[in-house]
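Report on the structure given below.
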Amino acid sequence: MAKINTAVFASGRGSNFLAIVKAIRKGSLKGVNISLLVCDNPSAPVVYKAKKLNIKTVLINPDLYGGREEFENKITGYLKENKISLIVLAGFMRMLSPSFVRAYKNRIINIHPSLLPAFKGRQAIKDAFDFGVKVTGVTVHFVDDRMDHGPVILQKEVRVDKDESLSSLEEKIHRVEHKLYPLAIKLFSGNRLRTNGRKVAIKGSR
Ligand code: GRF
């Protein structure tokens with residue numbers, strides 16, 4: 001069976017990128033092939049990780065383009081060239097335009113470190129911690145044209161213990177992310193996800 005050519009978009013540390021590549025290399029994501037890392041930040045640690053893992057990287061500096069459309073057209077060129085059919089956002093710190101999202105409808109997924117719709121935005125773990133929630137978590141969702149929004153694929157809760165620090169909570173959340181994202185990709189690649197535009201049903205689950 002042909003593998004799903006996947007591009008990971010990332011801007012930073014790349015721990016989710018690494019977790020996904022490891023899951024593939026140890027054989028638990030058989031239907032998927034990471035064809036490309038797309039990165040908008042040349043000094044991001046994810047770039048070095050990709051190099052070490054021998055994964056083709058496309059560095060696209062948005063400052064060198066006349067605007068978002070030009071920037072995204074450049075990316076689309078690479079996606080087409082590499083026959084990409086799944087885009088995995090893993091800490092990509094940029095909103096994609098509605099037309100880009102439309103072009104890849106139901107083929108862009110994102111991971112967010114909270115139980116959406118709570119605590120959207122860049123500082124979700126800290127915001128939840130500062131708010132004093134007892135439970136937070138991780139969400140994997142299809143991407144639509146709103147930030148941290150779109151049909152939910154998987155969610156997993158993470159308890160905030162009594163003596164929890166922000167850094168221990170961050171660690172717990174990232175550990176959950178590194179399991180949940182490969183699982184969501186596995187469901188996608190096994191054709192197990194059905195979306196009706198707002199909701200996702202996972203075949204063979206409740
Ligand atoms: C993760 O917490 C993810 O949920 C969020 O950005 C962070 C990326 O971390 N969207 P990393 O670069 O994968 O380590």
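Derivation of every value follows stated rules applied to the coordinates shown; laboratory data play no part. On a predicted model such as this, the values are computed, not experimentally measured, just so you know. When we count neighbours, we look across all protein chains shown, and the Cβ atoms used for this are built from the backbone with ideal geometry, even at glycine.
Excluding residue 131 itself, calculate the net charge of residues whose Cβ lies under 14 Å from the Cβ of residue 131, where each Lys or Arg counts +1 and each Asp or Glu counts -1. Here the count lands on 0.
The simple spin-label model puts a point 7 Å past each Cα toward its Cβ; for residue 146 and residue 186 those points are separated by 3.1 nm. Scalar couplings 3J(HN,Hα) for the range 92-106, obtained by applying the Karplus form with A = 6.51, B = -1.76, C = 1.60 to θ = phi - 60°, are 8, 8, 8, 7, 8, 6, x, 6, 5, 4, 4, 5, 10, 3, 6 Hz; x denotes Gly and Pro.
Each of 138, 32 was scored by other Cβ atoms within 10 Å of its Cβ. Arranged with the fewest first, they read 32, 138. Residue 14 sits among other residues whose Cβ lies under 14 Å from its own Cβ, and their net charge, with Lys and Arg +1 and Asp and Glu -1, is +3. Computed from Cα positions, the angle between helix 15-25 and the longest principal axis of the chain comes to roughly 70 degrees. How fast does the chain diffuse by Stokes-Einstein, in µm²/s, taking the Kirkwood radius from C-alpha pairs at 25 °C and 0.890 mPa s? This corresponds to a translational diffusion coefficient of 141 µm²/s. Could you run the Debye sum over the Cα atoms of the range 39-115, one equal point scatterer each and no solvent, and tell me log10 of I(q)/I(0) at q = 0.12, 0.26, 0.27 Å⁻¹, two decimals? Those come out to -0.36, -1.55, -1.57, one per q. Exposure proxy shown here: for 115, 183, 37, the number of other Cβ atoms within 10 Å sets the order, fewest to most, as 183, 115, 37. Rounded to the nearest 20, the Cβ-based charge dipole of the range 166-206 about its Cα centre (Lys and Arg +1, Asp and Glu -1) stands at 400 debye. Remark: the range 119-124, residue by residue, has Karplus-estimated 3J(HN,Hα) of 6, 6, x, 6, 10, 4 Hz, where x stands for each Gly or Pro and the curve is 6.51 cos²θ - 1.76 cosθ + 1.60 at θ = phi - 60°.
Among 182, 62, 151, the largest mean-square fluctuation in a Gaussian network model of the chain (Cα springs under 10 Å) belongs to 62. Rounded to the nearest 10 degrees, the angle from helix 68-81 to the longest Cα principal axis of the chain is 70 degrees.
Using a Gaussian network model of the chain in which every pair of alpha carbons under 10 angstrom is joined by a spring, one finds that among 96, 18, 53 the greatest mean-square fluctuation is at 53.
If you add up the charges near residue 65, with Lys and Arg at +1 and Asp and Glu at -1, over every other residue whose beta carbon is less than 11 angstrom from its beta carbon, what do you get?
It works out to a net charge of -3.
What you get for the range 99-175, charging only the Cβ of Lys and Arg (+1) and of Asp and Glu (-1), is a dipole of about 340 debye around the Cα centre. Looking at 140, 160, 91, which one has the Cα that reaches farthest to the positive end of the dipole of the range 54-206 (charges on Cβ: Lys, Arg +1; Asp, Glu -1)? So the residue we want is 140. For the range 154-206, what class follows from the C-alpha gyration tensor (a ≥ b ≥ c being the square roots of its eigenvalues): rounded when a/c is under 1.5, otherwise prolate if a/b is larger than b/c, else oblate? It comes out prolate by the Cα gyration axes. Taking the C-alpha atoms only, the angle from helix 166-189 to the longest principal axis of the chain is near 50 degrees. Within the chain, DSSP assigns beta bridges of which about 45% are antiparallel (rounded to the nearest 5).
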